[in-house]
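I am attaching a structure below and will ask some questions about it afterwards.
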Amino acid sequence: MKKPPFIGRIHELERLQGLFKQSKPKLVVVKGRRRIGKSRLISEFAARNQKSKMWSFSGLAPQEGMTAQSQRDHFARQFSILSKIPPLTFQDWSDALDHLSSHIEEGDIILFDEISWMGNLDPTFMGKLKIFWDTEFSKNPKLILILCGSVSSWIEKNIISSTSFFGRICQKIHLEELTLEESNLLLKSIQFRGST
């Protein structure tokens, strides 16, 4: 199925594009309700910057029987596909982040999508991510790390208002609904036949 054209989000794309003008590592937070277009915005941003490799990881949706190890196993599968290496098993987030940091190159984009799902079952996850930001990721002068999710209260508590990330976040985007005009353009682009 053909992907619908990208409509709107001009201001948000301009803000993200501006990150490349800074010669320092960038930590970005994107939040907004589910199905609003957060992941699409970030993939469009990455697609427009073809010199940058995109490392995209998404947490598994909460369900009965889910464990912190389930999230790490899912991360490991995604990492294996992106890095084109045989599957690994990570018993700890430090191992997972260490492997990731050894593969990223200057100017890469890392996306942790639905980060609250990734870290909700492991209280050490955000602390370990902060340590890797300080000791490894921040050594890459053009790296962009995007923490994205739909559970805004979790993101606010564990990232934006957390003392661990104080002074480290360079940009926060709260994605809102498309305007009525943009929604109309989107519907026309997919040949919607209803009235305006």
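Please go through segment 136-167 and give me each residue that is open to solvent by 60 Å² or more (accessible area, probe 1.4 Å) and either closer than 26 Å to residue 36 by Cβ or of a type in the set (Ser, Thr, Tyr) (or both), ordered by number.
Of everything in segment 136-167, those that are open to solvent by 60 Å² or more (accessible area, probe 1.4 Å) and either closer than 26 Å to residue 36 by Cβ or of a type in the set (Ser, Thr, Tyr) (or both) turn out to be 153, 156, 157, 161, 163.
Failed condition for residue 34, given (1) touching a residue at least 12 places away in the same chain (Cβ under 8 Å); (2) part of a helix (DSSP H, G or I); (3) open to solvent by 60 Å² or more (accessible area, probe 1.4 Å); (4) charged (D, E, K, R), with all others met?
(2)
Residue under question is residue 131, and the condition is that it be in a strand (DSSP E or B), among the β-branched types (Val, Ile, Thr) and either open to solvent by 20 Å² or more (accessible area, probe 1.4 Å) or closer than 21 Å to residue 47 by Cβ (or both); does it hold?
It is false that residue 131 is in a strand (DSSP E or B), among the β-branched types (Val, Ile, Thr) and either open to solvent by 20 Å² or more (accessible area, probe 1.4 Å) or closer than 21 Å to residue 47 by Cβ (or both).
Given (1) in a helix (DSSP H, G or I); (2) closer than 21 Å to residue 6 by Cα; (3) open to solvent by less than 50 Å² (accessible area, probe 1.4 Å), identify the lone condition not met by residue 188.
(3)
Here's something else I'd like to know. Give the residue that is nearest to the chain's Cα centre (by Cα), with candidates limited to residues of segment 41-58 that are in a helix (DSSP H, G or I) and more than 22 Å from residue 160 (Cβ to Cβ).
43
A further question on this structure: Out of all the residues in segment 44-67, which are surrounded by fewer than 17 Cβ atoms within 10 Å (Cβ to Cβ), among the polar types (S, T, N, Q) and at pLDDT 90 or above?
Across segment 44-67, the qualifying residues are 63, 67.
The values are calculated or read from the model by the stated rules, or taken from the named source; none is laboratory data. These numbers were taken from a predicted model, which means no experiment stands behind them. Glycine also receives a Cβ, built like all others from the backbone with ideal geometry; neighbour counts cover every protein chain displayed. What goes into the accessible areas is simple: the full protein's heavy atoms, side chains included, and nothing from ligands, DNA or RNA. Shrake-Rupley method; radii C 1.70, N 1.55, O 1.52, S 1.80 Å.
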